[in-house]
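Colleague: My questions will all concern the structure given below.
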Amino acid sequence: MNRIDFIAAAMAMSGRAMSTSAPAILRHGAFTRKLPIPAALHGALGSDGRLTYALRAQAGTSALLEGVRTPTWGFNGANLGPTLRLPRGKPVEIAVRNALSVTTTTHWHGALVSGENDGGPHSLIEPGAARTFRFALDQPGATLWYHPHVNDHTGPSVYAGLAGLLLVDDDHDVRLGLPHTYGVDDLPVIIQDRRFNRRGTLAYMTDGSDVMGMKGDRFLVNGCERPHAEVGAQWVRLRVLNGSNARLYNLGFAGNRPFSVIATDAGLLAAPTMQTRLLLAPGERVEIALDLSGDHGRHLTLRSFSGEAIPHLTPMGMEADAYDHTTFDLLELRVGARSGANTEVPARLAEIAPLAPVTGQRARKFTLQANMNAESNGVAQKPIGPGGMSYGVGGLRAFSIDHQYMNMKRINFSIPLGRTEVWEIANATKMAHPIHMHGTSFQILSRNGAPPAPFERGWKDTVLVRRDEKLRLAARFAHRASAANPYMYHCHILEHEDNDMMGQFTVV
Ligand code: C2O
Ligand code: CU
Ligand code: CU
C-alpha cells in the first residue's frame, strides 16, 4: 500500500473520511424544484463575419439546495454558465472577462482548437482582465464543455461553480430527426456533487482524504439539488455531463428501463446502443435518447446505481465513500401529454472511419502512478473561494504520469503535426483515472486487448482507465500547439490533476 492509500485507509478506519451524512439543517430535496436550463448563447454576428460571445466569470449567491443561500462562482451568473452554441465551421470569437478576485482561465474541453486558443494553464486571465479566443470548430456536432484550467487550482475553480456546456451544432442531429429543441426535448444534464458547511457555504478539501478526489454528499443537476423536468410523451434527448470533480456515476433509470446511447464525448455514435447502465467518469459526456411516447403521466427517475459498479473499481474500497456503495437519485422526468413531435432514433447515426495509425509506428506509452511519498496533510489552504471556501492546495505531487509531475516549464513530448498515434495507457495505481487529452478526439482501440463496449465506440476525449488496465487508443493531432501554449494530458479527477497528474505536449 502506498503512502497516499495508507493515509486514506487510516482516515477511513478512524471514520474521518466518511463525512457523508447530511448535516441536520440541510434536508435532501425531493424533486420539488424545476430543472434549471442554462441560457443558450448563439452569438452575435460581428462586422468581420464572426459570431461573438461574451462570458464573465463572477461571484454570486445560488440556491443549490432548496432554501439555502450558497456563495458560488459562475459565468454570466452566480453558478455554472450559459450553453454556448457554436455552429460547425463558423468563425467565432469568445471574450472572457474575469470579474473574480483570483486568476482564472477558460478551457474549451473537447474543442479542436490550437494551443493558443485552448485556454489551458498558460492562458491566464488576471482579475479585472479579459482574453479573447478566436477559432472555427471543424468537428462533428457534440456536447463539449468549458471550465477553468488554472495550474494547481482547477479543482476549486470548477467546484465553486465555473463550468458550462459548449454545443457544436452541425445540423446532422436535426436531419436525423433527433430531438433538438433545447430545454424542451433536448435537455442539458450537468451532474455534480458538493459538500456543504453548516452555514450553507461550499466545503472543499475539508477532509485529509480529499486529495484522493473531492466528493460531496449532495447531488446537483444544473446546479439544483434533485430537480424535476417536465417533458412531453415523445422521444427525449439528455445531454449528460459528469461535471463532478471526482465522483463517477453508474447511470440508469428506476425500474431498469433501457435507454439509447446516441453520442459519446465528441460526437454521435455510428449506431445507437441500448443500455440499462452507463458508467460516466468526471469530464465525460454522453447523450441518451428515451422513448417516452407511452409514458404519459409517469415519473421517471435518473439515478446512480453506484453500489453495483464503483466499489469494484478499487480493491480496498478506500476511494469509495458511502454514496459509492449505494443507489441515489439525481433527476426526475415528469412525462406530460403527447407533444405531436414525431421524432425517432434512426438505426444509423454517423459514419465513423476508424483512425489508421501508420503501420510499424510504436505506441506512445504512459503509466499512471500514485506517489508513495506525497504529503497530503498539514498544508495551509487559502480561504479565497466563494464564501471563504478553501481554494485547495495543489502541487502536492500525489499522482504522476510516468513518474513525471506537472511542471509548467517542461514539455513532456512533441508530436509532428498531422500524425495519427496510438497511445497505450497502463494504470499502475489502485484506482481508476479518467484520462483526458487536449487538441484531439480519439477512438478507443482496446481495454486489456478486448474491444471497447458499444457505447464507447465513438469519438472520445476523456476515457476511464481502470486499475490493472492497459488501454489503447488512436488519436490524430491535426492542430498546432507551441511550447508557449502546449496541450495538456491529464487525469480529470481534478484533485489528481491539481496534484500533478498532468503533462504537456506540443504539436508542431
Ligand atoms: Cu476538462 Cu484539461 O480539461
Ligand atoms: Cu480539455
Ligand atoms: Cu486520477
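The values are calculated or read from the model by the stated rules, or taken from the named source; none is laboratory data. Keep in mind that what you see is a predicted model, and the values were worked out from it rather than measured. Here the Cβ positions follow ideal geometry from the backbone for every residue, glycine too, while neighbour counts run over all protein chains shown.
Colleague: Test of understanding: among Ala398, Ala484, which residue is surrounded by fewer than 23 Cβ atoms within 10 Å (Cβ to Cβ) and either more than 30 Å from Glu351 (Cβ to Cβ) or away from ligand 3 (no atom under 16 Å from the Cβ) (or both)?
Modeller: Of the residues listed, the single one that is surrounded by fewer than 23 Cβ atoms within 10 Å (Cβ to Cβ) and either more than 30 Å from Glu351 (Cβ to Cβ) or away from ligand 3 (no atom under 16 Å from the Cβ) (or both) is Ala484.
Colleague: Working only within the range 462-483, note down all residues that are at negative phi, in a loop (DSSP other than H, G, I, E, B) and either in contact with a Ser or Thr (Cβ under 8 Å, 6 or more places away or on another chain) or modelled with pLDDT under 95 (or both).
Modeller: Within the range 462-483, Arg467, Phe477, Ala478, His479, Arg480, Ser482, Ala483 meet the criteria.
Colleague: Residues in the range 491-508 that are surrounded by fewer than 24 Cβ atoms within 10 Å (Cβ to Cβ) and either over 13 Å from Met406 (Cβ atoms) or touching a Pro at 6+ places or on another chain (Cβ under 7 Å) (or both): how many?
Modeller: Number of matching residues: 4.
Colleague: If we scan the range 90-105, do we find a residue that is within 16 Å of ligand 1 (Cβ to nearest atom), more than 25 Å from Leu45 (Cβ to Cβ) and buried (at least 24 other Cβ atoms within 10 Å of the Cβ)?
Modeller: yes
Colleague: Another question, then. Right, Leu368: surrounded by fewer than 15 Cβ atoms within 10 Å (Cβ to Cβ) and over 30 Å from Ala57 (Cα atoms) or not?
Modeller: So Leu368 fails the test.
Colleague: Separate question: Could you tell me whether any residue of the range 454-461 is under 15 Å from His492 (Cβ atoms) and either away from ligand 2 (no atom under 12 Å from the Cβ) or outside any helix (DSSP H, G or I) (or both)?
Modeller: yes
Colleague: Going by the conditions given, is Trp108 within 15 Å of ligand 2 (Cβ to nearest atom), of a type outside the set (Gly, Ala, Ser), assigned to a strand (DSSP E or B) and under 26 Å from Arg239 (Cβ atoms)?
Modeller: Answer is yes for this residue.
Colleague: Failed condition for Asp118, given (1) more than 18 Å from Pro156 (Cα to Cα); (2) surrounded by fewer than 20 Cβ atoms within 10 Å (Cβ to Cβ); (3) touching a residue at least 12 places away in the same chain (Cβ under 8 Å); (4) out of contact with any Ser or Thr (no Cβ under 8 Å at 6 or more places or on another chain), with all others met?
Modeller: The failed condition is (2).
Colleague: Looking at the range 322-343, is at least one residue touching a helix residue (DSSP H, G or I) at 6+ places or on another chain (Cβ under 7 Å), more than 16 Å from ligand 1 (Cβ to nearest atom) and farther than 19 Å from Val221 by Cβ?
Modeller: So far as the range 322-343 goes, yes, one or more of its residues are touching a helix residue (DSSP H, G or I) at 6+ places or on another chain (Cβ under 7 Å), more than 16 Å from ligand 1 (Cβ to nearest atom) and farther than 19 Å from Val221 by Cβ.
Colleague: Go through the range 205-314 and tell me which strands (runs of 3 or more DSSP E), entirely inside it, have 1 or more residues that are within 16 Å of ligand 1 (Cβ to nearest atom).
Modeller: Counting at least 1 such residues, we get 235-242, 259-264, 278-280, 285-291.
Colleague: Only residues that are touching a strand residue (DSSP E or B) at 6+ places or on another chain (Cβ under 7 Å), more than 17 Å from His436 (Cβ to Cβ) and either among the hydrophobic types (A, V, I, L, M, F, W, C) or at pLDDT below 95 (or both): list them for the range 108-140, please.
Modeller: Ile125, Ala129, Ala130, Phe133, Phe135, Ala136, Leu137
Colleague: Within the group Leu84, Leu144, which residue is farther than 17 Å from Met437 by Cβ and either more than 16 Å from ligand 3 (Cβ to nearest atom) or small (Gly, Ala, Ser) (or both)?
Modeller: Just a single option satisfies the conditions, and that option is Leu84.
Colleague: Okay, moving on. What are the residues in the range 111-129 that are away from ligand 2 (no atom under 13 Å from the Cβ) and small (Gly, Ala, Ser), if any?
Modeller: Across the range 111-129, the qualifying residues are Ser114, Gly128, Ala129.
Colleague: Sort through Ala428, Ala474, Ala478, Ala483 and tell me the only one that's aliphatic (A, V, I, L, M) and within 30 Å of Met274 (Cβ to Cβ).
Modeller: Exactly one of Ala428, Ala474, Ala478, Ala483 is aliphatic (A, V, I, L, M) and within 30 Å of Met274 (Cβ to Cβ), namely Ala474.
Colleague: Same structure again: Tell me, yes or no, whether the range 483-505 has at least one residue that is hydrophobic (A, V, I, L, M, F, W, C), more than 22 Å from Gln361 (Cα to Cα), over 20 Å from the mean Cα position of the chain (by Cα) and more than 11 Å from ligand 1 (Cβ to nearest atom).
Modeller: Yes; the residues of the range 483-505 include at least one that is hydrophobic (A, V, I, L, M, F, W, C), more than 22 Å from Gln361 (Cα to Cα), over 20 Å from the mean Cα position of the chain (by Cα) and more than 11 Å from ligand 1 (Cβ to nearest atom).
Colleague: If you don't mind, there's one more thing I want to ask. With a cut-off of at least 2 residues that are more than 16 Å from ligand 2 (Cβ to nearest atom) and out of contact with any helix residue (DSSP H, G or I) (no Cβ under 6 Å at 6 or more places or on another chain), name the strands (runs of 3 or more DSSP E) lying wholly within the range 366-452.
Modeller: Counting at least 2 such residues, we get 413-415, 420-427, 442-447.
Colleague: Out of the range 462-475, which residues are within 24 Å of His147 (Cβ to Cβ) and away from ligand 3 (no atom under 16 Å from the Cβ)?
Modeller: Leu473, Ala475
Colleague: I'm checking my understanding of the structure. Among residues of the range 406-440 that are closer than 22 Å to Arg362 by Cβ and either polar (S, T, N, Q) or free of Cβ contacts under 8 Å to residues at least 12 places away in the same chain (or both), which one is surrounded by the most Cβ atoms within 10 Å (Cβ to Cβ)?
Modeller: Thr440
Colleague: Given Arg419, Arg362, which one is touching a Lys or Arg at 6+ places or on another chain (Cβ under 9 Å) and basic (Lys, Arg)?
Modeller: Just a single option satisfies the conditions, and that option is Arg419.
Colleague: Going through Gly307, Gly297, Gly336, Gly255 one at a time, which residue ends up being surrounded by fewer than 22 Cβ atoms within 10 Å (Cβ to Cβ) and within 15 Å of Asp185 (Cα to Cα)?
Modeller: When all the criteria are applied, what remains is Gly336.
Colleague: Follow-up. Only one residue in Gly449, Gly458 is of a type in the set (Gly, Ala, Ser) and within 23 Å of Val113 (Cα to Cα). Which one?
Modeller: Criteria check complete, one pass: Gly458.
Colleague: Follow-up. I'd like to know if the range 323-330 contains one or more residues that are of a type outside the set (Val, Ile, Thr), in a loop (DSSP other than H, G, I, E, B) and exposed (fewer than 15 other Cβ atoms within 10 Å of the Cβ).
Modeller: For the range 323-330, residues of a type outside the set (Val, Ile, Thr), in a loop (DSSP other than H, G, I, E, B) and exposed (fewer than 15 other Cβ atoms within 10 Å of the Cβ): absent.
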